Amino acid sequence: MDLSAINPAVLIASLMVSATPILLAAIGELVVEKSGVLNLGVEGMMITGAICGFAAAVETGSPVAGFIAAAVGASLLSLIFAVLTQYLLANQVATGLALTLFGLGFSAMIGQGYVGMKPPLTPDLRIPILSDIPVLGEILFRHDLMVYVSLALVAAVWAVLKYSRVGLILRAVGENHDAAHALGYKVIRIRILALMFGGACAGLGGAYLSLIRVPSWTQGMTAGAGWIALAIVVFASWKPWRVLLGAYLFGGITVLQLNLQAAGVKVPVQYLSMSPYLITILVLVIMSANRSRASLNAPASLGKSFHASY
Amino acid sequence: MFMLEKRPSPSRFWTGATPILAVALTMIAGGILFALLGKNPLEAIRTIFFDPLFGDNAWYYRAQLLVKAGPLVLIAIGLSLGFRAGIWNIGAEGQYILGAICGAAVGLAFYPAQHWYIFPLMILAGALGGWAWAMIPAVLKTKFGTNEILVSLMLVYVAQNLLAEMAIGPLRNPQGSGFPGSRDLSQYPSAANLELIPGTGIHWGVIAAFVAVIAAYVLLQRHILGFQIRLAGQAPRAARFAGVKPDRLVLICMGLSGALAGLAGMFEVAGPAGKISIDFASGYGFTAIIVAFLGRLHPVGILLAGLLMALTYVGGDIAQSNLGLPSAAIQAFQGMLLFFLLAVDLLSNYRIRFGLKEAR
């Protein structure tokens, strides 16, 4: 075992890369849950995004087209969820599960022709001057575009929720849909838009996996990343910056266990691969043990169907 | 446009009719899907739903039907109890894996001794393994209020890694020339879960599934616990006034569903699968969720739904070899079924009124 082979700067830089898919999915889900909808189909939307992005990128040769296709594909899938839960008043938990089961099957079906292919390379942006700073430049300023997009999204979601009227309306719908409806806000329309945003973000996260992080397509490749994103939203108690913290903590654990595997620690690989999931459980327990604090931030109408009867 | 009007109580007619309507709609949508894949939709639907029952070699496929339906029904019965009470155990796949690991481990520990009590001990170990795995989210839920959906799901991935470790580590066949995978339990008479009546596909797991259906029916209709489960799901507040302890219900429902999933895994590993291997987990735990909903969380409904879902598996295999239909298409097809089911569920809870849309 050789722990000195682990370079901290490289570790942190790869942490950001491994956290990005989950960060993207989680920030989208945060917006969805803020609007009062619990979409458990993140995993299904991510894997759909992964294959849509992969297929589009391979066919066109452009990673950008891939990411756009991933966002569109996954947000179309989230539209199914939106119609079922918002218009047909289906149970949100069951519909979310259906979305995941369908997404896994559907993506495997489309992806059959793409197994073993290599996607076009997404170049790393070397930000001039900044990327030449020793250590810091290596950590922060030599990533691909999507890493910066994900960070910008977190900042944007935070600012919109906190400072804009749109954010205020979104939160109002999530806290008390009846009051928001009485004030004349289109509850269902707002929720559908939030769901589509969440879908697009999850799709981007999935495409990040298949186009940059892995990069190739295998069936079921998200391996629970969508569920971890859901857990991170709970961990973050619905606050954008804490989503960033949660995703990077999680990314850190993933990268560390991968590095430990490579360094040949005397623990079977399978036990190391379990660690991210076990730590997610641990974090959930710690967050929920403090009941009053965790539930204080949850949107009050989360998971409830809205039906205007008048 | 149309408007929805809530029914005072769910319509009895539509409660029974919606699953059939959902299956019909899924066949249409599935046909479109298969057509897009370049297959003849009518032929594909016929191959999936008709050939396993009445086509050539139907004697073989009918047996396969019971082999596939057994674990699905067993798991779905357990899940349905929790779902009725609003307790979402969606980690049945993990409990299924743990049941298989524990059951197989007990069997392999006795190898090559021959005793009558080995198989019963394996059954016990399988049920306990699944139960213990389900107790993790249950206890965390009751002690700390942790979300059982996320925890039980995370534990599926943990279980899958554990399965891989078992297949290449402790349970590996010492005479398997280093290949991953355990000894073949079906070749070990004291531990084998064999066909009880040759050619029918009926093994102990199928018997257990039937027993579970009857037991669940009696529990829900005639027992105070069944009443409490139904009450907790329909009116949580009223349930608390009636003296239902939510924590106790969580422990019981999760424990029961875990034990049944564990049993299903144990019967599978000792019978049709034969051994612990890396690709042992085949997604029964997730498909069982669809089975539970398709059966309207009712024991008899689940039995029928399990058989139907088994039909899509068996028919899907035939379609895969005869028509070249990708196996993932069946998975997507099953997911679609759940979508349609949830969509048409509206009809049992709401009346649809056509007319001009009022200003909202």
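Readers should treat all values here as calculations from the given coordinates under stated rules, not as data from a laboratory. Remember, predicted model here, so these are calculated numbers, not experimental data. With ideal geometry, Cβ positions are generated from the backbone for all residues, glycine too; neighbour counts draw on all protein chains shown.
Annotations for the structure displayed:
- Three-way shape call for region B:1-139 based on the alpha-carbon gyration tensor, with the a/c threshold at 1.5: oblate
- Once the Cα gyration tensor of region A:1-128 is diagonalised, semi-axes √(5λ) in Å: 30, 20, 14
- Region A:222-267 versus region B:296-319: alpha-carbon centroid distance in Å: 37 Å
- FRET efficiency, 1/(1 + (r/R0)^6) with R0 35 Å, evaluated for B:LEU196 and B:GLN234 via beta carbons: 0.35
- Cα gyration tensor, region B:238-289 - rounded (a/c under 1.5), prolate or oblate: prolate
- Dimensionless Rg over Rh [chain B; C-alpha; Kirkwood]: 1.00
- Dipole orientation for the protein assembly as shown: of the candidates A:VAL187, A:TYR248, B:LEU108, A:VAL187 has the Cα lying most toward the positive pole (charges on Cβ; Lys, Arg +1; Asp, Glu -1).
- Our summary gives chain A a relative contact order of 37 percent, counting only alpha carbon pairs under 8 angstrom and 6 or more residues apart.
- As computed over the protein assembly as shown, the Cα convex hull volume per residue (Å³): 173 Å³
- Inter-chain Cβ neighbour average for residues A:267-275, partner chain, 10 Å: 5
- Global dimensions of region B:74-120 from alpha-carbon coordinates: Rg and Dmax equal 15.1, 45 Å.
- Residues A:TYR148 and B:VAL300, FRET efficiency given R0 of 41 Å [Cβ-Cβ distance, rounded to 0.05]: 0.15
- Net charge of the neighbourhood of B:GLN320, taken over other residues with C-beta under 13 Å away and scored Lys/Arg +1, Asp/Glu -1, is -1.
- Stokes-Einstein D (µm²/s) once Rh is taken as the Kirkwood radius of region A:5-62 over alpha-carbon pairs, at 4 °C in 1.567 mPa s: 95 µm²/s
- Among B:LEU163, A:LEU249, the order by Cβ neighbours within 10 angstrom, fewest to most, reads A:LEU249, B:LEU163.
- For region B:106-264, the direction-averaged projected area of the alpha-carbon convex hull comes to 12.1 nm².
- Computed Rg/Rh of chain A, alpha carbon atoms with Kirkwood Rh: 0.98
- Net charge dipole, the protein assembly as shown: roughly 2140 debye, given to the nearest 20, about the Cα centre with Cβ charges of +1 for Lys and Arg and -1 for Asp and Glu.
- Dividing the mean sequence gap of close Cα pairs (under 8 Å, 6+ apart) by how many residues chain B holds gives a relative contact order of 36 percent.
- Over all pairs of different C-alpha atoms, region B:221-360 has a mean inverse distance whose reciprocal, the Kirkwood radius, equals 18.5 Å.
- For region B:289-360, the convex hull drawn through the C-alpha positions has a volume of 138 cubic angstrom per residue.
- Estimated translational D of region A:171-310 in µm²/s (Stokes, Kirkwood radius over Cα pairs; 25 °C; 0.890 mPa s): 139 µm²/s
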